[in-house]
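Read through the structure below, which is laid out as structure tokens, and then see the notes.
The values are calculated or read from the model by the stated rules, or taken from the named source; none is laboratory data. For clarity, every value in this text was computed on a predicted model and none was experimentally measured. Reconstructed Cβ throughout: ideal geometry from the backbone, glycine too, with neighbour counts over all protein chains shown.
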Amino acid sequence: MSIANTGSPSPTSHLFNPLFAQPEGSPIRELFPYLSRPGMLSLAGGYPSPGLFDAEGLQQAATTALQQDAAASLQYGASEGQLPLREALAELCASRGITCTPGDLLVTTGSQQAFDLLVKVMVAPGDPVLVEVPAYPATLQTLKLAQAQVVSVPTDEHGLDTEALARLLAQWPHARRPKLLYTVPNFSNPGGTLLPASRRAALVALAREHGFAIVEDDPYGELRFDDRCEPSVYETGLAQCGSANPVVYLSSLSKTVAPALRIGWMLADAQLLRRCAIAKQTADLCTSPLAQNIAAHYLRSGRYAPQLQKSCAEYAARMDALCSGLEAALGEQIRFVRPAGGMFIWAQLQPQEGDHEALSRALFAAAVTQGVLYVPGKAFFPADAAKQAGLCMRLSYAAPTVPQINEAVERLGRAWQQAVLSPIA
Ligand SMILES: Cc1ncc(COP(=O)(O)O)c(C=O)c1O
């Protein structure tokens, strides 16, 4: 449940930082009140399936953390993170083909914090930051609060369009050069796309030429539905640039183990990592050592890999149900690319005619009436580009079961018919 915006005056409102005078919350979290409506089916949040939480394995890991490492688990810890977890995460990275040592790695309170710290350390107000669009909304929110100048980079069915980026950089209109580029190359949120190796190499070459850093945000890379797997942008950067690697790698256990652990991490060079660790000191001193030790024992328990395999199989089945259901319910009127992993489908409705913005509002209202939720596309665009969202939507198949997905899709089909017939909402 989000904290209510009551509209009543606050005794401290004259003291607010102007950035928080009229704040906009996360567009996804704004949907929370609808979720509590009886019978509502949600294709909205990027929540892992509750049925895939390995509660037994985590319970064993928690018992071990409290029996074997009680003092370390219950005490404050180093801002960089507990060594056993950093060792386990370095091994996890190695299994993804990423070369690193525990010393290259900062543990963060979710990967969301990693991005927040990075922005604090690197971005001053007015600095241009390149962001693939449509983009993960919390990234846009972080950059807005940092007063960055968000510069959209277009994407297509293969992810970030590096040729469009090259053109944008060649004709860069500002005196200030971009500092950062943000991308989710593996099964992006919201696009569901997988960036081909050739584009990863082109991206690193552009970063090298134009002197910006790349943030590779990778919470979904292990949730693959087939053998397709591209080298990480981080590893591509190491191969091209060695110790001058311009890539910062972020990842998380939220989607593969449990979001409640709040375990994320950042891989970067020592100077940057040290500054992020200092920024973390004022954010939360350290990530919960108890959560870190639970995660470390869990990763060492041998349960991670089989659990991951189970998650991939289940999400693949749910993705298939959602895609087939959408095709059956909406046919030619909807377009999307089947994702090869991750949790999301980015879909575009194709009405024969009509005002797309009005239709988009009418569709959302009709969907709520029918009892199904999705995230309207404009949540994934910077405010000044919201019109580009048209009739796009993000649908997640991760949390609902296959029967729930089937029912949700039927409701969505009915909502679309209702919206097309009376688009004024
Ligand atoms: C692309 C992306 N990055 C980061 C996060 C945040 O994850 P965490 O729970 O690790 O903070 C999410 C969560 O949905 C995400 O989709």
Name the residue, out of 188, 243, that is more than 21 Å from the chain's Cα centre (by Cα) and assigned by TED's automatic domain parsing to the domain that holds residue 273. 243
Of the residues in segment 384-400, those that are among the aliphatic types (A, V, I, L, M) and in contact with a helix residue (DSSP H, G or I) (Cβ under 8 Å, 6 or more places away or on another chain) come to 386, 389, 391, 393, 395, 398, 399
Do we have any residue at all in segment 189-207 that's outside any helix (DSSP H, G or I), at pLDDT 95 or above and under 24 Å from residue 299 (Cβ atoms)? yes
Among the candidates 316, 329, residue that is in a helix (DSSP H, G or I) and either in the same structural domain as residue 227 (by TED's automatic domain parsing) or touching a Gly at 6+ places or on another chain (Cβ under 6 Å) (or both): 329
Take segment 375-406 and flag every residue that is assigned to a loop (DSSP other than H, G, I, E, B), in contact with a Gly (Cβ under 9 Å, 6 or more places away or on another chain) and of a type outside the set (A, V, I, L, M). 390, 401
Looking at segment 30-51 only, could you name the residues that are surrounded by fewer than 14 Cβ atoms within 10 Å (Cβ to Cβ) and either touching an Asp or Glu at 6+ places or on another chain (Cβ under 8 Å) or under 20 Å from residue 107 (Cα atoms) (or both)? 51
So residue 216 clears everything in (1) of a type in the set (Asp, Glu); (2) assigned to a strand (DSSP E or B); (3) more than 13 Å from the ligand (Cβ to nearest atom) except one condition, right? Which one? (3)
Selection from segment 247-263 of residues crowded, with 24+ Cβ neighbours inside 10 Å and either more than 9 Å from the ligand (Cβ to nearest atom) or in a strand (DSSP E or B) (or both) yields 247, 248, 249, 250, 251, 257, 263
Test: residue in segment 52-62 that is buried (at least 21 other Cβ atoms within 10 Å of the Cβ), in contact with a Cys (Cβ under 9 Å, 6 or more places away or on another chain) and either in contact (Cβ under 8 Å) with a residue 60 or more places away in the chain or closer than 22 Å to residue 311 by Cα (or both): no
Kindly indicate whether any position in segment 335-358 is touching a strand residue (DSSP E or B) at 6+ places or on another chain (Cβ under 7 Å), of a type in the set (A, V, I, L, M), within 27 Å of residue 30 (Cβ to Cβ) and assigned to a helix (DSSP H, G or I). no
Checking the structure you have, find out if any residue of segment 359-366 is part of a helix (DSSP H, G or I) and of a type in the set (D, E, K, R). yes
Given the structure, is residue 153 out of contact with any Gly (no Cβ under 7 Å at 6 or more places or on another chain) and of a type outside the set (Gly, Ala, Ser)? yes
Segment 12-27 - residue that is hydrophobic (A, V, I, L, M, F, W, C) and either loosely packed, with under 12 Cβ neighbours inside 10 Å or within 14 Å of residue 142 (Cβ to Cβ) (or both) and, of those, farthest from the chain's Cα centre (by Cα): 15
Any idea which of 106, 145, 74 is surrounded by 19 or more Cβ atoms within 10 Å (Cβ to Cβ) and assigned by TED's automatic domain parsing to the domain that holds residue 277? 106
Does segment 227-241 contain any residue that is touching a helix residue (DSSP H, G or I) at 6+ places or on another chain (Cβ under 7 Å), on the phi < 0 side of the Ramachandran plot, in a helix (DSSP H, G or I) and within 16 Å of the ligand (Cβ to nearest atom)? yes
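Table: residues versus (1) free of Cβ contacts under 8 Å to residues at least 40 places away in the same chain; (2) in contact with a strand residue (DSSP E or B) (Cβ under 9 Å, 6 or more places away or on another chain); (3) surrounded by fewer than 20 Cβ atoms within 10 Å (Cβ to Cβ); (4) more than 25 Å from residue 24 (Cα to Cα).
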| site | (1), (2), (3), (4) |
| --- | --- |
| 139 | no, yes, no, no |
| 150 | no, yes, no, no |
| 160 | no, yes, no, yes |
| 166 | no, no, yes, yes |
| 173 | yes, no, yes, yes |
| 176 | no, yes, yes, yes |
| 185 | no, yes, no, yes |
Cβ-Cβ distance below 9 Å, separation of 6 or more or different chains: which pairs start in segment 237-260 with a residue that is in contact (Cβ under 8 Å) with a residue 12 or more places away in the chain and end on one that is within 9 Å of the ligand (Cβ to nearest atom) and of a type in the set (Asp, Glu)? 249/217; 249/218; 250/217; 250/218; 251/217; 251/218; 252/217; 252/218
Boolean, residue 296 is closer than 25 Å to residue 69 by Cβ, away from the ligand (no atom under 16 Å from the Cβ) and surrounded by fewer than 24 Cβ atoms within 10 Å (Cβ to Cβ): no
Of all residues in segment 16-63, which are of a type in the set (Gly, Ala, Ser), more than 16 Å from the ligand (Cβ to nearest atom) and over 21 Å from residue 379 (Cα atoms)? 39, 51, 55, 57, 61, 62
